[in-house]
1. Quick one: in the stretch A:389-406, which of the residues that are under 19 Å from the mean Cα position of the chain (by Cα) and at pLDDT 95 or above is farthest from residue A:211 (Cα to Cα)?
2. Select from the stretch A:262-305 the residues that are surrounded by 17 or more Cβ atoms within 10 Å (Cβ to Cβ), in contact with a strand residue (DSSP E or B) (Cβ under 7 Å, 6 or more places away or on another chain) and either on the phi > 0 side of the Ramachandran plot or not in a strand (DSSP E or B) (or both) and list them in ascending order.
3. Select, from B:135, B:147, B:139, B:129, the only residue that is closer than 15 Å to residue B:22 by Cβ and touching a residue at least 60 places away in the same chain (Cβ under 8 Å).
4. Take the residues in the stretch A:227-259 that are without any contact (Cβ under 8 Å) to a residue 60 or more places away in the chain and in a loop (DSSP other than H, G, I, E, B), then tell me which one is nearest to the other protein chains (Cβ to nearest Cβ).
5. Quick one: which of A:149, A:120, A:155 is assigned to a loop (DSSP other than H, G, I, E, B) and surrounded by 15 or more Cβ atoms within 10 Å (Cβ to Cβ)?
6. Among the residues in the stretch A:100-117, are any more than 19 Å from the chain's Cα centre (by Cα) and at positive phi?
7. Is one or more of the residues making up the stretch A:277-299 closer than 30 Å to residue A:378 by Cβ and within 14 Å of another protein chain (Cβ to nearest Cβ)?
8. Return yes or no: is residue B:137 in contact with a strand residue (DSSP E or B) (Cβ under 9 Å, 6 or more places away or on another chain), modelled with pLDDT of 95 or more and away from chain A (no Cβ under 14 Å)?
């Protein structure tokens, strides 16, 4: 793939030829080669703040740090500020024992150094660590039609589907290089044809489906293709409320992690469908029905990797991807009510509710709220639960979650919302049925 | 008897090796997570959801797959595999390569000067024909031969 078929402007060609330095030329060669693999016709200018998946200073990712050093040493910065995924650990909100803390220090020993690299390259601010950068409190919310080069699968699928922006599912590394050049190769979701749906998913469940389970069923079926989902507006309505946004966020994250979905359309709900309707369905699309039985089948297919299936979890993570304010308030209210119903004051194990730092700060300003949560054994955290599970010692504990993404990438066991709520207050899920 | 398939050479090269076949999407992060965190020289698949590969050794194999799926750290994981030296010899895609795998192999090639040979668009018949453990050879022009 040495011959350059992608059409470059004279300025782009000059960068590729090394007129602005060897390192920028290497960056350009990377994104041009990347674009050629997808028959991209040209590069487009990307606009606004970018978002990167790599937020963690894991000792193991040495080649990435070396690449960052090369870029920084060459005096390069991103064209616009950027946000990144959540930090891997926050000891003030997630208690760990001294040995686990030691291992966190070993696994993420480069965190401080890496954050210096991020700042040098153009990190937006100290609070820019979240997978849900598009929440209004965080403010990295792309406009409809904006060209981006984002990574983080859950953010990519949200930006494309719910906001109508245009980004491919870029990997860590390529995202940074595109942001430095301010360019991305035009292919896939950046084109009209790449946004056509090749699957029609008909939701025919008897009640509103669990978003995380529905996303999993869709992702496992369509993998990297684009689904056009019908039947959801019956449950969600047609307005884009915080409840609907939260549903779509969680469904999308599951489609992206259980499969490789980077864009979905929901009939009468998501913005491109409002503009184009069924014109978004590609000729010859396939159809798949998701009903109660299919969701049950998918749920039962998940392996449980706890050593002891009847174990009481040591910790529960809610908020992968990070919770919006509506969800955070909802969980606090539901946990509080469930504790009252069961006549107890504290959850049976620590419960971590993950949310962006900008939202966490709003709650942390109120000492009464924090005291109330502490008394309930609940914490508002800003970490990435997935990164937490990268600590081999921490991951040995039985951990429960309502996140299908966290289930996919770790040994955390997945429970649906009602079951996990019961688990929190009683230590037992599913009305006494501990393991499915 | 040999069977030959012709694909598109993304990162060209000649090599021979033992096939390791994933019929479902290959989740790069989930598959290599343990091996990358521990920097193991020999990587066993840690993806609980991959019934074909779970717990099988992937290092130095010819990884045959439809596409990669999952986290957008996928490319970074591939770079790290190449840095550790526990990567597969080659990746043979039945479908066109996906954006995460493409980023990983291209960045490894350009920034680390470590090449995983990659051929894509080999077709569904290729993935149906090739079996784990079979000898596979790859030619510069993207021709893949199953012994």
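1. Per the criteria, the residue is A:400.
2. Result: A:264, A:267, A:272, A:273, A:280, A:302.
3. Selected residue: B:129, the only one of B:135, B:147, B:139, B:129 that is closer than 15 Å to residue B:22 by Cβ and touching a residue at least 60 places away in the same chain (Cβ under 8 Å).
4. A:259
5. Values: A:120 fails: assigned to a loop (DSSP other than H, G, I, E, B); A:155 fails: assigned to a loop (DSSP other than H, G, I, E, B).
The conditions single out A:149.
6. no
7. Yes; the residues of the stretch A:277-299 include at least one that is closer than 30 Å to residue A:378 by Cβ and within 14 Å of another protein chain (Cβ to nearest Cβ).
8. Against the criterion (in contact with a strand residue (DSSP E or B) (Cβ under 9 Å, 6 or more places away or on another chain), modelled with pLDDT of 95 or more and away from chain A (no Cβ under 14 Å)), residue B:137 qualifies.
The values are calculated or read from the model by the stated rules, or taken from the named source; none is laboratory data. Because the structure is a prediction, the values reported are computed rather than measured. Methodologically, a virtual Cβ is constructed for each residue, glycine included, from the backbone with ideal geometry; neighbour enumeration extends over all protein chains shown.
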